[in-house]
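Let me begin by presenting the structure, written as structure tokens, before commenting on it.
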Amino acid sequence: MNTVKTVRELRAAVARARGEGKRIGFVPTMGNLHSGHAALVTKAAQRADFVVASIFVNPLQFGANEDLASYPRTLVADQARLLEAGCNLLFAPTVEEMYPEGTAAQTRVSVAQLSEGLCGASRPGHFEGVATVVNKLFNMVQPDLAVFGEKDYQQLAVIRAMVRDLNMPIQIFGEPTVRAEDGLALSSRNGYLSPEQRVIAPVVYRTLTQVAEGLRRGRRDYRALLDEGRAQLEAAGLRTDYLEVRHALSLRPAQLDDRDLVVLVAAFLGNTRLIDNLYVHLEQPSA
Ligand code: PAF
């Protein structure tokens with residue numbers, strides 16, 4: 001597996017693979033890779049002949065008081081993990097390579113509606129930063145397909161909408177969330193948790209599971225169900241940012257006759273913001 005740092009080298013390597021008739025798969029990441037990322041690369045390798053991954057901690061998607069400076073950068077360990085998972089080429093650009101005119105001058109991509117609410121409400125500008133960098137990476141790599149984790153459910157919805165609305169000839173695949181044995185969704189930010197917090201953190205998944213179970217058992221009093229979930233998170237010492245039931249595709253608030261639902265949560269444990277979600281398909285219309 002080669003690592004390249006410039007767009008020129010990236011384009012030359014991808015052109016060589018394409019010249020050999022290879023189908024190009026792409027997995028964008030911010031590094032500090034875990035088994036969840038490895039699963040994305042494995043999925044890309046099953047569907048493409050040449051897999052490109054990127055590692056870039058994108059300043060455009062971090063708010064002023066967020067963890068851009070402290071976000072873990074672990075390139076050497078990441079390279080080993082990518083190689084093992086079947087990656088052929090790593091693109092690891094500098095900020096200057098990605099934003100040669102500076103971030104303030106950067107043209108932005110904004111995905112309407114889906115970027116609003118949920119994480120978009122508590123992290124203003126976040127999805128514009130994500131859509132912009134993913135758009136740039138897509139233009140640099142020009143993949144046939146790209147794989148994203150379902151853990152970042154709203155992000156995946158935003159990217160699917162961008163690809164659809166801007167007629168990008170790229171197939172987007174979502175890969176199920178990889179969890180620790182106790183249910184905690186794997187995330188680079190789990191590394192911020194103290195040992196004591198790590199013991200508490202699975203309450204996030206337990207809460208999602210309970211809300212999902214309530215829905216499956218026929219409960220439609222969304223507000224009361226979510227209040228119970230929030231109370232459980234807060235009793236464990238978390239601060240709920242949001243806990244919501246939404247329509248799984250449009251992400252609008254769930255209505256009584258929706259059958260495809262997603263329960264989404266963001267909650268702070270100390271300074272660490274944990275997000276997770278569970279998709280719920282109801283056999284019968286809810287109402
Ligand atoms: O999910 C991530 O790691 C990032 O948001 C992404 C898609 C690589 C864009 O920076």
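Here's the yes/no breakdown for (1) charged (D, E, K, R); (2) part of a helix (DSSP H, G or I):
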| position | (1), (2) |
| --- | --- |
| 12 | no, yes |
| 46 | no, yes |
| 57 | no, no |
| 65 | no, no |
| 87 | no, no |
| 102 | no, no |
| 108 | yes, no |
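May I ask you to list pairs of residues, at least six apart or on different chains, whose Cβ atoms are under 6 Å apart, with the first in the stretch 128-139 being more than 16 Å from residue 172 (Cβ to Cβ) and the second being within 9 Å of the ligand (Cβ to nearest atom) and in a helix (DSSP H, G or I)?
Taking only residues 6 or more apart or on different chains, the pairs are 129/60; 129/61; 132/60.
Please pick out the residue among 195, 202 that is more than 16 Å from the ligand (Cβ to nearest atom) and crowded, with 17+ Cβ neighbours inside 10 Å.
So the residue among 195, 202 that is more than 16 Å from the ligand (Cβ to nearest atom) and crowded, with 17+ Cβ neighbours inside 10 Å is 202.
Taking the stretch 89-100 as the region of interest, how many residues are assigned to a loop (DSSP other than H, G, I, E, B) and more than 19 Å from the chain's Cα centre (by Cα)?
Residues in the stretch 89-100 being assigned to a loop (DSSP other than H, G, I, E, B) and more than 19 Å from the chain's Cα centre (by Cα): 4 in total.
What do you reckon, is residue 99 within 12 Å of the ligand (Cβ to nearest atom) and surrounded by fewer than 22 Cβ atoms within 10 Å (Cβ to Cβ)?
It is false that residue 99 is within 12 Å of the ligand (Cβ to nearest atom) and surrounded by fewer than 22 Cβ atoms within 10 Å (Cβ to Cβ).
Take residue 42 and tell me if it is without any contact (Cβ under 8 Å) to a residue 60 or more places away in the chain, among the hydroxyl-bearing types (Ser, Thr, Tyr), more than 13 Å from the ligand (Cβ to nearest atom) and under 20 Å from residue 144 (Cα atoms).
yes
Within the stretch 145-162, is there a residue that is within 25 Å of residue 100 (Cβ to Cβ), over 12 Å from the mean Cα position of the chain (by Cα) and outside any loop (DSSP other than H, G, I, E, B)?
Yes, the stretch 145-162 contains a residue that is within 25 Å of residue 100 (Cβ to Cβ), over 12 Å from the mean Cα position of the chain (by Cα) and outside any loop (DSSP other than H, G, I, E, B).
Any idea which of 187, 194 is touching a residue at least 40 places away in the same chain (Cβ under 8 Å) and over 18 Å from residue 152 (Cβ atoms)?
Testing whether each residue is touching a residue at least 40 places away in the same chain (Cβ under 8 Å) and over 18 Å from residue 152 (Cβ atoms) leaves just 194.
Report yes if residue 242 is surrounded by 13 or more Cβ atoms within 10 Å (Cβ to Cβ), under 21 Å from residue 121 (Cβ atoms) and touching a residue at least 60 places away in the same chain (Cβ under 8 Å), otherwise no.
yes
With the checklist (1) surrounded by fewer than 16 Cβ atoms within 10 Å (Cβ to Cβ); (2) of a type in the set (A, V, I, L, M); (3) in contact with a Ser or Thr (Cβ under 9 Å, 6 or more places away or on another chain) in hand, flag the one item residue 235 doesn't pass.
In the conditions (1) surrounded by fewer than 16 Cβ atoms within 10 Å (Cβ to Cβ); (2) of a type in the set (A, V, I, L, M); (3) in contact with a Ser or Thr (Cβ under 9 Å, 6 or more places away or on another chain), residue 235 misses (3) alone.
Is it true that residue 124 is surrounded by fewer than 19 Cβ atoms within 10 Å (Cβ to Cβ), within 14 Å of the ligand (Cβ to nearest atom) and not acidic (Asp, Glu)?
No: the conditions fail for residue 124.
One line per residue, one yes/no per condition, for (1) within 30 Å of residue 31 (Cβ to Cβ); (2) among the aliphatic types (A, V, I, L, M); (3) in a loop (DSSP other than H, G, I, E, B); (4) modelled with pLDDT of 95 or more:
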residue: 190; (1), (2), (3), (4): yes, no, no, yes
residue: 197; (1), (2), (3), (4): yes, no, no, yes
residue: 258; (1), (2), (3), (4): no, no, yes, yes
residue: 265; (1), (2), (3), (4): yes, yes, no, yes
residue: 273; (1), (2), (3), (4): yes, no, no, yes
residue: 279; (1), (2), (3), (4): yes, no, no, yes
residue: 287; (1), (2), (3), (4): no, yes, yes, no
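The values are calculated or read from the model by the stated rules, or taken from the named source; none is laboratory data. Predicted, not measured: the structure shown is a model, and the values here were computed from it. Quick reminder, even Gly has a Cβ in these numbers, built from the backbone with ideal geometry, and neighbours come from all protein chains shown.
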